[in-house]
Amino acid sequence: MEVHHHPDMHHKPKRWKEYFLEFLMIFLAVTLGFFAESIRENLSEKTKLHGYMEEMSENLKADTMRFHHALSFNENASPCLDSFRYEIDSAAAGHIHGNRLYFFSVASGTFSRVLFKEAAISELKNSGSMRLIDDRHLADQILEYYDRWVKAAYIKSEELDKATDELNHEEENFFNGEYFEKLIKSETTFSYTPDTSVVNYINRIRQRNPQLVLLDSNPADLRKLNNEVISTETALHNYNSFIRLDLNSADTLISKIQEEYDLKNN
């Protein structure tokens with residue numbers, strides 16, 4: 001008769017030290033895994049931030065180029081407005097120089113505005129990465145540039161547009177557009193380089209023979225026109241002032257970003 005030996009189902013209880021050791025190993029594994037994932041995410045975020053700041057540096061450099069162009073263009077236009085006011089004052093006093101009035105009306109009617117590049121700041125805000133900038137002073141300067149000075153420049157640009165539109169509307173009462181068939185028919189070319197043929201055509205206005213004639217030479221009406229020129233010139237000076245401020249702010253930001261994120265050789 002066979003005798004079956006059943007295994008002993010009663011295990012000896014582990015000592016508390018063994019339980020503690022198992023717990024400690026599991027705890028360490030979970031903790032190390034947590035820290036490893038946290039470090040990986042942190043490195044990934046820092047890499048993304050570095051890319052955003054590199055892009056922002058390039059955006060700011062593009063802004064500074066546009067600042068310089070706009071200021072150069074507008075500073076050349078400002079004396080034309082000043083001369084335009086002088087000619088209107090002379091006309092209101094009875095000394096009308098038709099060619100000069102027409103010339104300054106055409107030559108002073110165009111100004112340059114800056115379109116800011118804001119791709120990097122939009123990405124930083126939308127991704128929530130602004131919090132990753134360790135230098136809070138730098139973060140504040142970035143936000144001040146985009147949320148304050150850029151917006152202020154756009155507001156001043158709109159004010160300049162409004163003043164220009166009002167001046168153009170008022171000029172319709174004084175200047176006969178039929179004198180300028182070439183300007184009416186020519187295509188507008190958007191370029192940093194002026195169209196030489198158009199520039200020469202405008203410059204020749206002062207040599208027109210016979211003299212160009214105003215549609216309205218009433219002194220009171222001319223003084224009203226002069227007020228519109230004053231408003232436009234004031235709006236232009238205000239806009240240029242904000243562009244200069246933005247230029248200084250952008251230059252400062254570029255230097256700080258390049259230093260903070262080691263972009264000087266880029």
Test: S231 is within 27 Å of the chain's Cα centre (by Cα) and farther than 19 Å from S83 by Cβ: no
All positions within the stretch 221-266 that are in contact (Cβ under 8 Å) with a residue 60 or more places away in the chain and farther than 22 Å from V150 by Cα: L222, R223, L225, N226, E228, V229, I230, S231, E260, Y261, L263, N266
Verdict on Y201 being of a type in the set (S, T, Y), surrounded by 15 or more Cβ atoms within 10 Å (Cβ to Cβ) and more than 25 Å from Y102 (Cβ to Cβ): no
Selection from the stretch 104-123 of residues that are under 25 Å from I142 (Cβ atoms), crowded, with 16+ Cβ neighbours inside 10 Å and either more than 19 Å from the chain's Cα centre (by Cα) or not charged (D, E, K, R) (or both): V114, F116, A120, I121
Residue list for the stretch 187-196, restricted to those being at pLDDT below 75 and either of a type in the set (S, T, N, Q) or within 11 Å of A107 (Cβ to Cβ) (or both): T188, T189, S191, T193
Pairs, first among the aromatic types (F, W, Y) in the stretch 47-72, second in a helix (DSSP H, G or I) and modelled with pLDDT of 95 or more, C-beta under 8 Å, six or more apart: F67/I243; F67/R244; F67/D246; F67/L247; F67/A250
Condition met for G128 (surrounded by fewer than 17 Cβ atoms within 10 Å (Cβ to Cβ) and farther than 30 Å from I254 by Cβ): no
Wholly enclosed helices (runs of 4 or more DSSP H) of the stretch 127-187 bearing at least 3 residues under 30 Å from H50 (Cβ atoms) and of a type outside the set (S, T, Y): 136-144, 151-171
Residue count for the stretch 55-94, restricted to those that are charged (D, E, K, R), over 30 Å from L124 (Cα atoms) and surrounded by 17 or more Cβ atoms within 10 Å (Cβ to Cβ): 2
Pair list, Cβ < 9 Å and 6+ apart or interchain, from the stretch 76-94 residues that are within 19 Å of L215 (Cα to Cα) to residues that are β-branched (V, I, T) and buried (at least 19 other Cβ atoms within 10 Å of the Cβ): F84/V229; R85/V229; I88/V229
Boolean, D262 is farther than 30 Å from E170 by Cβ, of a type outside the set (K, R) and modelled with pLDDT under 95: yes
Some residue of the stretch 145-155 being modelled with pLDDT of 90 or more, of a type in the set (G, A, S) and within 21 Å of the chain's Cα centre (by Cα): yes
Selection count where residues are exposed (fewer than 13 other Cβ atoms within 10 Å of the Cβ) and either within 15 Å of A107 (Cβ to Cβ) or of a type in the set (D, E) (or both), scope the stretch 204-215: 2
Single match in D134, D165 (criterion: modelled with pLDDT of 95 or more, surrounded by fewer than 14 Cβ atoms within 10 Å (Cβ to Cβ) and farther than 22 Å from L247 by Cβ): D165
Hey, F103 assigned to a helix (DSSP H, G or I) and under 30 Å from R204 (Cβ atoms) or not: yes
Leading residue by the ranking (modelled with the highest pLDDT) among those in the stretch 21-54 that are of a type in the set (S, T, Y) and exposed (fewer than 11 other Cβ atoms within 10 Å of the Cβ): T47
Residue in the stretch 218-228 that is of a type in the set (S, T, N, Q) and either at pLDDT below 95 or surrounded by 20 or more Cβ atoms within 10 Å (Cβ to Cβ) (or both) present: no
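The values are calculated or read from the model by the stated rules, or taken from the named source; none is laboratory data. These numbers were taken from a predicted model, which means no experiment stands behind them. Reconstructed Cβ throughout: ideal geometry from the backbone, glycine too, with neighbour counts over all protein chains shown.
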